[in-house]
Ligand code: NI
């Protein structure tokens, strides 16, 4: 774990009051923790724009009766097997399946994989959760 650095910032009263209210509603214990979360998110966003290696989860909801969709989903994952670490499948109800695909790899390849998933027709919902290993050479982001 890296050393802590104390910072001081100036910000308008109404903005910090709104920020504190939202942070409290989200269960963040302190203003410092809330600001740390924002900075961490910004660093992850930067890695996804300019970094080398990223990690994330792609969540998909689909009707498993649509067999062309299921076949394309499987083929796409096999085509990117060097970045797909694993996938988790849940049968939500009689029709709907949820799949969480955990990915890690070069940012452009992960983005390309995500585009290929988005291009599959018939998905009910897809979402990308961007994350990081914190190991890119140009940052020291540490999570504990
Ligand atoms: Ni299923």
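Computed from the coordinates by the stated procedures, all read-outs in this text should not be read as laboratory data. The structure displayed is predicted, hence computed values, not measured ones.
If one takes the longest principal axis of the Cα atoms in the chain, at what angle in degrees, from 0 to 90 and to the nearest 10, does the Cα axis of helix 31-50 lie?
The angle comes out at about 50 degrees.
Could you calculate, for the range 52-131, the ratio of the Cα radius of gyration to the Kirkwood radius, expressed as Rg to Rh?
Rg/Rh: 0.95.
Cα axis of helix 107-118 to longest principal axis of the chain: angle in degrees, 0 to 90, nearest 10?
50
Rounded if a/c is under 1.5, else prolate if a/b beats b/c, else oblate: with a ≥ b ≥ c from the C-alpha gyration tensor eigenvalues square-rooted, which is the range 25-92?
Details: a/c = 3.84, a/b = 1.82, b/c = 2.11.
In terms of gyration-tensor shape, oblate.
For the chain, modelled as a GNM with alpha-carbon contacts under 10 angstrom, which of 39, 53, 16 fluctuates the most?
Result for the chain, Cα springs under 10 Å: 16 fluctuates most.
Rounded to the nearest Å, what's the spacing between the alpha carbon centres of the range 57-100 and the range 1-27? Just the number, please.
First find each Cα centre; the distance between them is then 39 Å.
If you build a Gaussian network model of the chain, linking Cα atoms that sit under 10 Å apart, which residue out of 14, 63, 82 swings the most?
Highest fluctuation among the options: 14.
Give the shape of the range 56-99 as rounded, prolate or oblate, defined through the alpha-carbon gyration tensor: a ≥ b ≥ c are the square roots of its eigenvalues, a/c under 1.5 means rounded, and otherwise the shape is prolate if a/b is larger than b/c and oblate if not.
Oblate, because a/c is 1.5 or more while a/b does not exceed b/c.
Note the angle between two axes, namely the Cα long axis of helix 13-25 and the longest principal axis of the Cα atoms of the chain, as a number of degrees from 0 to 90, rounded to the nearest 10.
It is inclined by approximately 50 degrees.
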